[in-house]
Amino acid sequence: MKRELRFQLKSAFYSKNFLIILTISILFSVICFMIKCFECYEADIINIPSAYQQFFANARSNDSFVAFFSIASPFLICAAFSDSYVTESNNLFLPICIIREGKNKYFFSKLTAVFICGAFVMVIPQLINIILCTVAFPLESTYMYTWDLWQADIYTVDIANDWFLFKNLYILSPYIYFLVFIAISGILSGITAVISFEISFFVKNRIFVTSFMFVLINLLSVLFESYMIPYNIINCMFGLSVSGITLKSFIITSVTYLSVMIILIPFSLRRLKNCL
């Protein structure tokens with residue numbers, strides 16, 4: 001299994017799709033950082049927000065960045081490597097892979113590689129951005145604005161709300177809080193990528209495979225926001241989400257996507273065994 005996984009990861013990391021998608025994600029991360037640097041150019045040090053406030057995935061401070069990234073991310077996640085089964089099937093490379101690896105090893109090594117690629121597309125840009133922010137901006141700041149951690153309304157209003165997920169961790173350290181959400185976004189992104197990969201066994205169309213979860217998640221996001229339904233996976237991925245999410249909603253949403261991924265595994269395997 002290790003040999004097969006190594007082969008799939010090598011194929012993924014050298015694939016044109018993955019490299020293009022990862023480059024786009026990193027460029028977006030760096031551009032967000034440069035915008036923040038431009039905003040603080042020649043500003044007095046007391047007027048410069050802290051690094052965690054400048055982090056582009058901080059939904060409270062940078063809702064426009066998060067809004068754009070959250071809309072595009074389902075497509076980026078799925079376009080990275082989820083369509084690789086369709087590609088290999090179309091170029092007749094699939095039979096060679098199955099003969100070489102066996103169907104079960106091929107499927108699960110491919111599934112693991114798809115999960116890792118989907119996670120990387122979300123995790124790496126966020127890590128690069130938060131590292132750049134910690135290097136360029138102060139770790140703590142006297143800059144005062146409504147949503148600052150040290151403002152009274154965080155402790156007297158927001159901290160009392162159920163939607164402030166992992167609030168004790170945020171009080172302990174905003175940086176640890178956002179690192180936890182980076183890890184969460186990576187896991188949920190990997191699950192989303194795998195679901196898209198599993199769909200490819202039923203619809204062998206690259207455009208459909210890469211766009212289905214993008215359309216579904218964004219439509220559900222609009223629907224859930226319109227009717228105040230607290231099960232939006234996007235809100236689970238970013239810290240201090242403006243809409244917020246409770247622990248119950250977070251668990252239900254995550255378990256639902258994980259369950260869909262697990263349920264589709266035997267059906268996808270059956271389709272693979274019938275493909276030759």
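The values are calculated or read from the model by the stated rules, or taken from the named source; none is laboratory data. What you are looking at is a predicted structure, and each value in this text was computed from that prediction instead of being measured. Ideal geometry is used to build each Cβ from the backbone, glycine not excepted, and the neighbour counts take in all protein chains shown. Accessible surface is based on the protein model in full, side chains and every heavy atom, while ligands, DNA and RNA are left aside. Shrake-Rupley method; radii C 1.70, N 1.55, O 1.52, S 1.80 Å.
Just the residues that are within 14 Å of Ile265 (Cβ to Cβ), open to solvent by less than 70 Å² (accessible area, probe 1.4 Å) and among the aromatic types (Phe, Trp, Tyr), please, taken from region 176-205. Correct list: Phe197, Phe201. Among the residues of region 32-44, are any of a type in the set (Gly, Ala, Ser) and either surrounded by 17 or more Cβ atoms within 10 Å (Cβ to Cβ) or under 21 Å from Lys10 (Cβ atoms) (or both)? The answer is no; no qualifying residue exists.
Among residues of region 86-98 that are closer than 16 Å to Thr210 by Cα, those with a Cβ under 8 angstrom from a residue that is surrounded by 17 or more Cβ atoms within 10 Å (Cβ to Cβ) and at pLDDT below 80, sequence gap 6+ or separate chain, pair up as Glu88/Leu94; Glu88/Cys97. Cβ-Cβ contacts under 9 Å between residues 6 or more apart (or on different chains), taken from a first residue in region 22-47 that is closer than 16 Å to Ala80 by Cα to a second residue that is hydroxyl-bearing (Ser, Thr, Tyr), are listed as Ser25/Ser73. Taking first residues from region 203-226 that are closer than 17 Å to Ala193 by Cβ and among the aromatic types (Phe, Trp, Tyr) and partners that are at pLDDT 90 or above and surrounded by fewer than 17 Cβ atoms within 10 Å (Cβ to Cβ), the Cβ contacts under 8 Å between residues at least 6 apart in sequence or on separate chains come to Phe212/Val203.
Yes/no matrix, rows are residues, columns are (1) modelled with pLDDT of 90 or more; (2) assigned to a helix (DSSP H, G or I); (3) touching a Leu at 6+ places or on another chain (Cβ under 8 Å); (4) on the phi < 0 side of the Ramachandran plot:
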site	(1), (2), (3), (4)
Asn58	no, no, yes, yes
Phe65	no, yes, no, yes
Ala80	yes, yes, yes, yes
Cys97	no, yes, no, yes
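The residue of region 64-102 that is nearest to the chain's Cα centre (by Cα), among those that are open to solvent by less than 30 Å² (accessible area, probe 1.4 Å), within 17 Å of Gln126 (Cα to Cα) and β-branched (Val, Ile, Thr), is Ile77. The residue pairs whose first member lies in region 108-122 and is within 14 Å of Ser196 (Cα to Cα) and in contact (Cβ under 8 Å) with a residue 12 or more places away in the chain, whose second member is buried (at least 24 other Cβ atoms within 10 Å of the Cβ) and among the β-branched types (Val, Ile, Thr), and whose beta carbons are closer than 6 Å, counting only pairs six or more residues apart or on different chains, are Leu111/Val194; Val114/Val194; Phe115/Val194; Gly118/Ile77. Put simply, of Ile229, Ile195, Ile176 the only residue that is more than 28 Å from Gln53 (Cβ to Cβ) and modelled with pLDDT of 85 or more is Ile195. Selection of region 103-123 for residues being farther than 13 Å from Gly190 by Cβ, open to solvent by 10 Å² or more (accessible area, probe 1.4 Å) and not aromatic (Phe, Trp, Tyr) yields Lys103, Asn104, Lys105.
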